Every structure is written in structure tokens, then in C-alpha cells.
Amino acid sequence: MTSSFNSDHPITTEKEDVFNRAPFIQTLYKEIESIPASESVVIGLSGKWGSGKTSVVNLLCEKLNTSRQNRALKPGDTIVVKFNPWNQIDSKKNSEEYFINSFFNAIKKQLWKDKDDWYIQTNNHLLKLKMLCVSQFYWSR
């Protein structure tokens with residue numbers, strides 16, 4: 001028997017998009033790609049439960065990742081790092097330090113995909129920043 005219900009799982013590809021989110025994704029993509037590399041930007045996506053926020057994020061990540069395809073990473077490129085803070089809660093560990101380490105490890109893992117001189121230089125800065133953030137955590141207690 002075939003069910004007429006749809007799954008409550010977020011979509012991951014444009015082929016699955018029955019709500020035509022593509023124009024919205026394209027607008028977001030253009031805005032993100034136009035941000036100068038020297039700028040620091042936070043983008044928030046809000047909506048009710050089940051409204052498709054995760055699907056939008058998945059489609060946007062797909063667009064950003066495929067835009068670079070087989071080209072080597074270079075300064076100024078947009079790098080997609082998926083990090084879900086809700087997955088970083090662990091009552092057995094020092095949650096703030098664990099959270100900070102998890103955040104920087106997610107960035108490092110994504111950058112590791114491109115092992116060139118730029119990666120090594122960037123990774124060294126990340127390690128310094130990670131140490132700075134962890135140190136800041138300890139000092140602020």
C-alpha cells in the first residue's frame with residue numbers, strides 16, 4: 001500500500017524541491033557571494049517548526065558547494081561548514097570548552113578537504129584563534 005503522506009525529513013537537493021525555493025536560494029547565494037572576504041557576517045533564518053528552514057539551508061549549501069566544484073580553494077572563497085550547536089551538548093563534559101573545540105574542529109575538518117599552502121596558513125590561524133577562545137573561556141570564569 002502506498003502512503004499519501006510526505007516525509008518530515010528536510011530535502012537535500014533541488015530536485016526534491018516541490019515548493020520552488022530556488023529563487024529564494026539564488027537570491028541568498030548571490031548575496032553571500034557578494035560579501036567581501038574582509039567582512040564578518042551572520043545570517044539568521046527563522047520560521048516555524050516544519051516551515052523548511054533546514055531544507056533551505058541544505059539547498060543553499062548544495063549551491064555554494066557546487067559553485068566551486070573541482071577548483072582549488074583560494075582566499076575569498078565561501079566555505080560551507082555545517083555545525084549544529086544542539087549536537088554539541090554533553091552533560092559529562094565541560095560544555096563551553098567542548099562547544100568551542102567542536103566548533104573549531106568542524107571548521108578544520110572542512111578545510112582539510114583542500115590540503116594546500118593556503119589551507120596550512122589558514123589552519124595555523126585557526127589554531128591560534130582556538131587557543132585564544134579557549135583561553136578567553138578560562139579567564140572569564
Legend entry - Residue under evaluation Tyr29, criteria (1) in contact with a helix residue (DSSP H, G or I) (Cβ under 6 Å, 6 or more places away or on another chain); (2) modelled with pLDDT under 85, criterion not met: (2)
Inset, instruction - Could you tell me which numbered condition Arg71 fails, if it satisfies all but one of (1) of a type in the set (Lys, Arg); (2) over 23 Å from Lys15 (Cα atoms); (3) surrounded by 12 or more Cβ atoms within 10 Å (Cβ to Cβ)? - result: (3)
Inset, instruction - Mind listing whichever residues of region 27-61 are assigned to a helix (DSSP H, G or I) and open to solvent by less than 60 Å² (accessible area, probe 1.4 Å)? - result: Leu28, Tyr29, Ile32, Ser55, Val56, Asn58, Leu59, Leu60, Cys61
Inset, instruction - Can you tell me which residue within region 7-26, out of those that are open to solvent by 80 Å² or more (accessible area, probe 1.4 Å) and part of a helix (DSSP H, G or I), is nearest to Asn58 (Cα to Cα)? - result: Glu14
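The values are calculated or read from the model by the stated rules, or taken from the named source; none is laboratory data. Please read these numbers as outputs of a predicted model, since none were measured by experiment. When we count neighbours, we look across all protein chains shown, and the Cβ atoms used for this are built from the backbone with ideal geometry, even at glycine. Each accessible area value is taken on the protein alone, full model and side chains, heavy atoms only, with ligands, DNA and RNA left out. Shrake-Rupley method; radii C 1.70, N 1.55, O 1.52, S 1.80 Å.
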